[in-house]
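These notes concern the structure reproduced below.
The values are calculated or read from the model by the stated rules, or taken from the named source; none is laboratory data. None of these values were measured; they are calculated from a predicted model. A quick note on method: Cβ atoms are made from the backbone with ideal geometry, for glycine too, and the neighbour counts reach across all protein chains shown. Areas reflect the complete protein model, heavy atoms only, side chains present, ligands, DNA and RNA absent. Shrake-Rupley method; radii C 1.70, N 1.55, O 1.52, S 1.80 Å.
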Amino acid sequence: MQRFLIICTLLIAVGISLASVTTASAEQVFPDNSWEDRPDPIASTDARPGGEIVVFGGQYPKSLNYYLDTNVLSSEIFGVMFESLLGINPVNLEYEPAIASQWMISEDKTTYTFHIDKKARWSDGKPITAGDVKWTYDVIMDPQNMTGPHKINMERFHSPQVIDTHTICFTAKEVHWKNLLALGGFSILPEHAYGDMNFNTIVFEFPVVSGPYRPGRIQEGSWIAFERRDDWWQQNRLRHKNKFNFDKVTFRFFAERENAFEAFKRGRIDLFPVYTSRIWINETTGNSFFQNHIVKQRIYNHQPIGFQGFAMNMRRFPFDDERVRKAMAMLLDREKMNQTLMYNQYFLHRSYFEDLYTPDHPCPNPLIAKDSRKARNLLFEAGWEVNPETGYMEKNGRKFSFKFLTRDAGSGRFLAIYAEDLKDAGIEMVVDQKDWSSWARDMDEFNYDMTWAAWSAGVFKDPESMWSSAEAERQGGSNITGYKNPEIDRLIEEQKTIFDARKRNDIYRKMDQIITAAYPYVLLWNIDYIRLLYWNKFGTPETVLSKYGRENSALWYWWSDPDAKAALSDAASMNLPLPPREMNIHFDDRFTGASK
C-alpha cells in the first residue's frame with residue numbers, strides 16, 4: 001500500500017488522473033521474493049585481499065570524469081568509484097540491487113520508482129539519498145555541462161521527482177526498451193560534495209565516492225593510484241565476496257604502447273593486453289617468456305565484438321560525397337596489412353555489428369578488397385580529375401589533400417602503406433599526430449578530416465548515439481562522422497519499443513546493410529579473443545576473465561598471491577622455469593558456476 005501511495009502522489013503531481021493509477025501503478029516489483037544475494041560464480045573462493053596490481057592505462061586521460069570524457073578507461077574507473085541504482089549479474093545479465101534495494105515499473109512501462117537502500121553511504125559517512133540521484137540527473141542534463149553522450153539516455157525522461165529521502169520516481173517521455181538500463185546504470189554522484197562546483201572542472205579530484213575504490217596518489221602525466229576502501233557499505237554483500245581484492249590498483253600512462261611494453265618487460269607493469277600482432281608473435285621472447293615468468297594467454301569469452309576503422313568527417317569536403325568515401329575504402333589494402341604487419345591474426349570487417357552474424361544469420365555485406373581501378377572511376381564520377389602537372393587529383397581547382405588526425409605513433413606503419421596507395425591514385429594524405437587530450441578536443445569539435453577510431457560493443461546494442469541524425473552535431477558525442485539518414489532514423493525509432501532483443505537484432509542487421517553501403521568509415525579488422533600478458537604472481541579465477549568483460553575485469557577478480565610472488569622471485573633470481581599455465585582459455589569450457 002505504501003508503494004501505491006507513493007506512485008499516486010507522483011502521478012497527481014505530474015497531472016495524471018487517479019483513474020489511470022490502478023492500471024499504471026507498480027504491477028511489477030523487483031527483485032521478487034525468490035531473489036537471493038549469492039556469491040558471484042566467476043569469483044574464486046581462493047581469492048584473498050591485499051597487494052597491488054599495476055596496469056597500462058593508455059595515454060594520460062584528459063579527465064577521470066566519465067560524464068566529461070567518455071572512454072573505456074574513464075568508464076572502468078568511474079564504475080568502481082561511484083555506483084548506480086542497479087547492478088547487472090555478470091553471468092545471466094539480470095538486474096540486481098545496488099544503491100536501490102527495490103524498484104518498480106508501471107504496467108505501461110513509463111513510470112520507474114526506485115527505493116534507495118537505507119544502508120547506502122558515501123565515503124564520508126553521509127547517506128546516499130534520492131536528492132543525490134536527482135542532482136546527478138540534472139547535472140547531466142544541464143546544457144552548460146559537456147555531458148553530450150549521456151544526455152541521449154537521460155533526455156527520454158522528465159526531471160525525476162523526489163518522493164522522500166529514499167524514494168525517487170522517473171517518468172519516461174516515451175516507451176523504450178533501454179529505459180530501465182539507462183536509469184539503473186548511470187553513476188550517482190554526491191550533491192553535498194560537488195553541488196557547489198563547476199561540473200566541467202571536476203576532472204581528477206573525487207574526495208567523496210561510494211564504490212569499492214577511492215583515488216589515491218596521482219603523478220600527473222605518469223600514473224594514478226586507486227585504493228581499496230575498508231569501509232565500503234557493500235563490502236559484506238555475498239555477491240561481492242572474493243572480488244575487489246587488490247589494496248591498490250595503479251594505472252601507468254605512456255604516450256606510446258611500445259614504451260609501455262618495454263616497461264612491462266622490465267616489471268614496471270604487471271598486466272599488459274596486446275593489441276599488436278607483431279608484439280604477440282615476435283616480441284614475446286626471452287627468458288621471462290620461455291621460463292613462464294610471464295604468462296601468455298588467449299582468452300575466449302563472450303565479450304561483444306566492436307569495430308574499428310578510419311572515420312571520415314562527412315560534414316566537410318571531400319568526404320561529404322559517398323563515392324569518395326567508397327573510393328577511400330577501395331584504396332586501402334587490408335589484406336596486405338594483415339599479412340605483412342599483423343601475421344594474418346585478424347579477420348577483416350564487413351560490418352558494424354559483427355557479433356550479430358552467425359551461421360543462421362550470415363553477413364550479406366560484401367568484403368571490400370583493394371581495387372584502384374574502381375576507386376579511380378568513382379573519383380572521376382565525383383568530379384575529380386588528375387592534374388598532369390602535379391599528378392594529384394583536383395576538383396574545381398582544389399587539390400585532393402586531407403589530414404589524418406592520429407594520437408598513436410604505432411599507426412605510422414599502416415598509414416605509410418595507405419599514403420602510398422593514395423598517392424598513386426592522386427591523393428595526398430598528411431599525418432597530423434597529437435597527444436590524447438588534443439586529439440579528443442579536436443574530435444569533440446569535429447575538427448578533423450579522417451582519424452582512426454576503435455569502438456567497443458555492448459551486450460545490448462543501441463545504435464542511436466552513433467547513427468542518429470540528431471546526434472550528428474552534438475559535440476563530444478559518438479556520431480563522429482556526422483552520419484545522417486532518414487531511413488536509419490526511422491529504424492532507430494522502430495526499435496525503441498521492441499523489448500525482444502532478437503527482434504531488435506533483426507532491425508540492427510537491416511541498419512547495418514544501409515550504413516555499410518554509405519561508407520562512413522573505412523572499415524579495418526578485429527580479433528575475437530583477448531591477448532593477455534601478465535607476470536606470474538597473481539591468482540586468477542578459473543575463467544581468468546569475466547564472461548562479457550575485457551582485460552580490465554582482471555582488476556576486480558584477480559588477487560595478489562604471496563606464494564606465486566615468492567616463487568616468481570626465486571625463479572628469477574636462480575634463472576629457473578615456473579610451471580606453465582594453459583595458453584588458450586575458453587570461458588564456456590571452464591565455467592562451472594550457477595547462473596545466479
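Some values worked out for this structure:
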| read-out | value |
| --- | --- |
| Residue-count net charge about Leu422 - beta-carbon cut-off 12 Å; Lys, Arg +1, Asp, Glu -1 | -2 |
| Relative contact order, percent, the stretch 19-176 [alpha-carbon distance under 8 Å, six or more residues apart] | 21 percent |
| Modelled FRET efficiency - R0 41 Å, Arg48 with Arg315, Cβ distances, 0.05 increments | 0.15 |
| Span-like helix ranges in the chain, DSSP H, alpha carbon extent 15 angstrom or more, Kyte mean at least 0.0 | 2-13, 130-141, 562-574 |
| Net +/- balance of residues flanking Ala120 in space, Cβ distance below 11 Å, scoring K and R +1, D and E -1 | +1 |
| Segment Ala416-Glu174, length gained on full extension (0.36 nm per residue, minus Cα span) | 82.3 nm |
| Paramagnetic label zone (point 7 Å from Cα along Cα-to-C-beta, Arg581; backbone N under 20 Å) in the stretch 39-57 | 41-57 |
| Label point distance in nm, His192-Lys395, each placed 7 Å from Cα along Cα→Cβ | 6.0 nm |
| Projected label distance in nm at Ile281 and Asp563, using a 7 Å step from Cα toward the beta-carbon | 3.9 nm |
| Over the chain: helical MRE at 222 nm, DSSP H runs n ≥ 4 each giving -39500 (n - 2.57), nearest 500 | -8000 deg cm²/dmol |
| Charge dipole of the chain about the Cα centre (unit charges at C-beta), most positive-ward option of Ile77, Gly309, Tyr66 | Gly309 |
| Relative packing of 121-133, 451-463, which averages over residues the other C-beta atoms within 10 Å, highest first | 121-133, 451-463 |
| Contour excess over end-to-end distance, with Cα ends at Lys374 and Gln513 and 0.36 nm allotted per residue | 48.0 nm |
| Under 18 Å from the Asn89 label point (7 Å along Cα→beta-carbon), backbone N, the stretch 528-552 | 546-549 |
| Length-normalised contact order of the chain in % [C-alpha pairs under 8 Å, at least 6 apart] | 20 percent |
| FRET efficiency for Glu493 and Glu445, using Cβ-Cβ distance with R0 set to 25 Å, rounded to 0.05 | 0.30 |
| Charge dipole magnitude, Cβ of K and R +1, D and E -1 - the stretch 227-361, Cα centre, debye nearest 20 | 280 debye |
| Stretchable slack from Asn33 to Lys241, in nm (0.36 nm times residue separation minus alpha-carbon distance) | 72.7 nm |
| Packing-based order for 198-205, 436-443, 74-81, using average beta carbon neighbours within 10 Å, highest first | 74-81, 436-443, 198-205 |
| Accessible surface of the stretch 279-374 [probe 1.4 Å, protein heavy atoms]: carbon and sulfur percent | 45 percent |
| Positive minus negative residues near Val72 (Lys, Arg vs Asp, Glu; Cβ under 11 Å) | -2 |
| Efficiency of FRET from Cβ geometry, Ser159 and Phe289, R₀ 35 Å, rounded to 0.05 | 0.05 |
| Cα→Cβ-extended label distance, 7 Å offset, between Arg266 and Tyr300, nm | 3.7 nm |
| Most to least packed among 533-546, 573-586, 551-564 [average Cβ atoms within 10 Å] | 533-546, 551-564, 573-586 |
